[in-house]
Amino acid sequence: NEDVRVVEIAKPHPMFHSRFHAIEKTYRYTIDFGLPHSPFHRKTALSVGYREYDMKLLEEACKVFVGTHDFAAFMNRSRDGKNLERNSERTIYSFDVIRGGGEEEGGERYEDPSSSLVYLYVTGNGFLYKQVRNMVGAILSVAGGRYTIDDLKLFMEKKDRKLIPMAAPAKGLCLYDVKYPDEMYFSPPPSSSSLRI
């Protein structure tokens, strides 16, 4: 398949589980603030160039989520409803806003101010069902002036999914990086102890 490249391989522990043994995950959400909308990004980015957004507010809104919180308000009910019975506390290590650019070989991200694309990188110890898309939807509502930073904090305190704005669409979201403990690998483990998607 032309869409997939294998860049590194390691033999895992016999009990290895790709979901339950992950110790850190990073998701990236791509937003296109340009006009006219680019046909090249229509399947991989959310186009919002038709309205004004405050980038400083967008960055401030992202910071609200950093830390250990109960994210019940940002979790959708699964089809069987069983996820509502589970612990909804998660830790967000970082929530970065990068304008255009990309990532260098060492993992350092760089920006390109001339780009209309904005990447939201959120890293945590785990995520609830549709949590990232719900957070992005709320962040855009704050940056667009519909809600305030204080509203965002209140949503988290109330733990009520019905209060927060609609989730951002799936097309801008991708699982960007997953890290596992070294003991989950037989020799040799990947150099970064992570699997880049």
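The values are calculated or read from the model by the stated rules, or taken from the named source; none is laboratory data. None of the values given here were measured: they were computed from a predicted structure. Ideal geometry is used to build each Cβ from the backbone, glycine not excepted, and the neighbour counts take in all protein chains shown. To get the accessible areas, we keep the full protein, side chains included, count just its heavy atoms, and leave off ligands, DNA and RNA. Shrake-Rupley method; radii C 1.70, N 1.55, O 1.52, S 1.80 Å.
Within segment 56-67, does at least one residue satisfy the condition of being out of contact with any Phe, Trp or Tyr (no Cβ under 6 Å at 6 or more places or on another chain) and over 29 Å from residue 34 (Cα atoms)?
Yes, because at least one residue in segment 56-67 is out of contact with any Phe, Trp or Tyr (no Cβ under 6 Å at 6 or more places or on another chain) and over 29 Å from residue 34 (Cα atoms).
Which ones in segment 14-52 are farther than 30 Å from residue 147 by Cβ and in contact with a strand residue (DSSP E or B) (Cβ under 7 Å, 6 or more places away or on another chain)? Scanning segment 14-52 gives 22, 23. Of the helices (runs of 4 or more DSSP H) entirely within segment 51-161, those holding at least 2 residues that are at pLDDT below 95 and crowded, with 16+ Cβ neighbours inside 10 Å occupy 149-158.
Taken over segment 35-69, the residue count meeting the criterion of being farther than 27 Å from residue 129 by Cα and either in contact with a Leu (Cβ under 8 Å, 6 or more places away or on another chain) or of a type outside the set (Gly, Ala, Ser) (or both) is 11. One residue alone among 177, 150 is touching a Ser or Thr at 6+ places or on another chain (Cβ under 8 Å) and at negative phi, and that residue is 177. Return yes or no: is residue 25 crowded, with 19+ Cβ neighbours inside 10 Å, within 17 Å of the chain's Cα centre (by Cα) and basic (Lys, Arg)? Yes; evaluated as a whole, the condition is true for this residue. Here segment 162-197 is the region considered, the condition is being in a helix (DSSP H, G or I) and at pLDDT 90 or above, and the residue that is most open to solvent (accessible area, probe 1.4 Å) is 171.
Within segment 49-73, residues that are over 11 Å from residue 95 (Cα atoms) sit with their Cβ atoms under 9 Å from residues that are among the aromatic types (Phe, Trp, Tyr), at 6+ positions apart or across chains, in these pairs: 49/33; 53/33; 55/33; 71/65; 71/127; 73/155.
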